[in-house]
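Below is one structure, written out as structure tokens; comments come after it.
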Amino acid sequence: MSDNSPGRPRDPRIDADVLAVTREMLVEVGWDGLSMRGIAARAGVGRAALTRRWPTKAHLVLTALLGAAPDLEPYDGIDRRGWIEWVVTGSIELFGRPEVRAALPGLLAAMRDHEDLRNTLWRTFSGPSTALFTDGADAAAELDARAVLVMAAGSALFAGLIAAEDDTPGLRARVLELLLPVAGG
């Protein structure tokens, strides 16, 4: 989700420092208290270094939380059942992280207001992930994979934020049980 503009080579240390500071500050001050200027100051870099890499706070936060692209290498060759388990478990873990919970209100608003950001996020993460599930199968399998992503992430988000009193291991296990029949598709 970061900008790869031409010019001198990027210093990966700056990226790593800025992303770590962003996650720390989200937990400390939340979305509303987070600013590009504050991140730059704490990371010891110029604000211009941030805006060259990430055009908005939302872009920076998404990269800090999710990375620029999903790391799917550990899941290469996974079967459909394993993929569904991975999606459900990964969604629960993602929405349970304190920095993600702190960023969600602002990120949801930013994605509501910026279709390009929302579309890029979905394409960047759903496309490569669903390819693991479909493995060249037909359009129905791709639709099934996208539906599982939506249901797993949606249920994890809703259970963690809204239905928190019911967000139990039993509920999580049941969500997985309900989604697993798609693996046989």
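The values are calculated or read from the model by the stated rules, or taken from the named source; none is laboratory data. Fair warning: this is a prediction, and the values are worked out from it, not measured in the lab. As a convention, Cβ positions derive from the backbone with ideal geometry for all residues, glycine included, and neighbour counts pool all protein chains shown. Side chains included, ligands, DNA and RNA excluded: accessible areas come from the protein's heavy atoms. Shrake-Rupley method; radii C 1.70, N 1.55, O 1.52, S 1.80 Å.
Here are the numbers for this structure:
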{"item": "Cross-chain or 6+ apart pairs with Cβ under 6 Å, the range 51-76 first and under 15 Å from Leu108 (Cβ atoms), then open to solvent by less than 30 Å² (accessible area, probe 1.4 Å) and of a type in the set (Gly, Ala, Ser)", "result": "Ala58/Ala110; Val61/Ala103"}
{"item": "Any hit, the range 144-160, residues being open to solvent by 50 Å² or more (accessible area, probe 1.4 Å), more than 18 Å from Leu94 (Cα to Cα) and within 21 Å of the chain's Cα centre (by Cα)", "result": "yes"}
{"item": "Condition met for Pro74 (within 27 Å of Pro12 (Cα to Cα) and open to solvent by 50 Å² or more (accessible area, probe 1.4 Å))", "result": "yes"}
{"item": "Neighbours by Cβ (under 7 Å, 6+ apart or cross-chain): first from the range 119-147, more than 27 Å from Ala58 (Cβ to Cβ) and free of Cβ contacts under 8 Å to residues at least 60 places away in the same chain; second among the charged types (D, E, K, R) and open to solvent by 50 Å² or more (accessible area, probe 1.4 Å)", "result": "Phe133/Arg80; Thr134/Glu142"}
{"item": "Any hit, the range 115-125, residues being at pLDDT below 85 and part of a helix (DSSP H, G or I)", "result": "yes"}
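So that you can scan it fast, the table gives a plain yes or no per residue for (1) in a helix (DSSP H, G or I); (2) at pLDDT 95 or above; (3) under 19 Å from Met111 (Cα atoms); (4) out of contact with any strand residue (DSSP E or B) (no Cβ under 8 Å at 6 or more places or on another chain):
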| residue | (1), (2), (3), (4) |
| --- | --- |
| Arg8 | no, no, no, yes |
| Leu26 | yes, yes, yes, yes |
| Trp31 | yes, yes, yes, yes |
| Gly38 | yes, yes, no, yes |
| Ile84 | yes, no, no, yes |
| Val88 | yes, no, no, yes |
